[in-house]
Amino acid sequence: MTNLMDFHTHILPGIDDGAKDVDISRLMLKSLADQGATLVCLTPHYYHNQETKESFLEKRAAAYAQIEAYGKELELTLALGSETHLTRDLASERDLTDLCLGKSKLLLLEFPYGCEFKADTLFQVERISNNCGVTPVLAHIERYPQLIKKNSKPLAELFDIGCYVQCNISSFASNKKLIKLLSDGIVNFVGTDCHNMDSRSPDFQAGVKAIKQKLGESFWEGFLSEMRDRSKRIAITQPIQQGGQT
Ligand SMILES: [Fe+2]
């Protein structure tokens, strides 16, 4: 495989429940490079109700400094970002742009487990979109039955707000609904959501195989090329500045 892009990873060492040290981070990066990845977004969990944004950004920069050189050695473009958990007070932040993917204004936004996407949740997302200078990317929508059901009303409303959609690549091997969403053009980004080299490793193989089997090789190539264009347009692929702050 060539020109893969991973928009959701927990590769940065020691910052969340992802890579526990730099050795694991290096193995994860090497695995992605060997599979043909060219762009890797580094998206550690951020919980606004547990930590200030400033403290998170400091930790993120320090973790990034430990793998920056190795990423260059592997000729990977690394883009800093976050997987920001939706909390009630998140929208009170005036600016969330420094949590976005690379130099874009795209915020990978995670919803609580079991979220039913009622009016209050949708209102929070709208506030974030209107007040915080960012466009949400809905992280791994396959986790939320309310979003992947047929003619999902909340998903339509989230699109009206301007949200993008991310799916975990491994889910395509086991979830037929996702294949349908992909073929309908609903999915904008995929990622491995890798956390380690064991149970949640950076693995594109099974998901890509399922997509190619169900939708054909040329569909997958077309989707990759759309993601590439999208990532360029939103400037994710521009180099990140020294120290990791974008
Ligand atoms: Fe994640």
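Throughout, read-outs are computed from the coordinates displayed, never taken from laboratory work. Small disclaimer: the values here were computed from a predicted structure and weren't measured.
Points worth noting:
- Full-extension gain in nm, GLU75 to ASP95, via 0.36 nm per residue minus C-alpha separation: 4.0 nm
- For VAL137, distant residues with modelled amide H under 5 Å away: LEU107, LEU108, LEU109, TYR164
- Integer Hz, Karplus 6.51/-1.76/1.60 couplings in order for the stretch 30-38, x for Gly and Pro: 4, 4, 5, 4, 5, 7, x, 6, 10
- Reducing the stretch 47-103 and the stretch 175-210 to their Cα centroids gives an inter-centroid distance of 22 Å.
- For ALA37, the residues whose modelled amide H falls within less than 5 Å of its own, excluding neighbours fewer than 5 places apart on the same chain, are LEU4.
- Distant-in-sequence amide H partners of ALA79 (H built 1.01 Å from N, under 5 Å): VAL40, CYS41, LEU42
- The stretch 4-244: relative contact order as a whole-number percent, Cα under 8 Å and 6+ apart: 23 percent
- Estimated 222 nm signal from helices in the chain, with DSSP H stretches of n ≥ 4 weighted -39500 (n - 2.57), rounded to 500: -11500 deg cm²/dmol
- Candidates PRO202, PRO112, PRO136: whichever shows maximal mean-square fluctuation once the chain is modelled as a Gaussian network with Cα springs under 10 Å: PRO112
- Among ASP16, ASP203, ASP229, residue whose mean-square fluctuation peaks in a GNM of the chain (springs only between Cα atoms under 10 Å): ASP229
- Springs between Cα atoms under 10 Å define the GNM used for the chain, and in it the highest mean-square fluctuation of GLN213, GLN205, GLN66 occurs at GLN213.
- Residue-by-residue Karplus 3J(HN,Hα) for the stretch 68-85, coefficients 6.51, -1.76, 1.60, Hz, glycine and proline x: 4, 5, 5, x, 5, 4, 7, 6, 9, 8, 9, 10, 6, x, 7, 10, 8, 7
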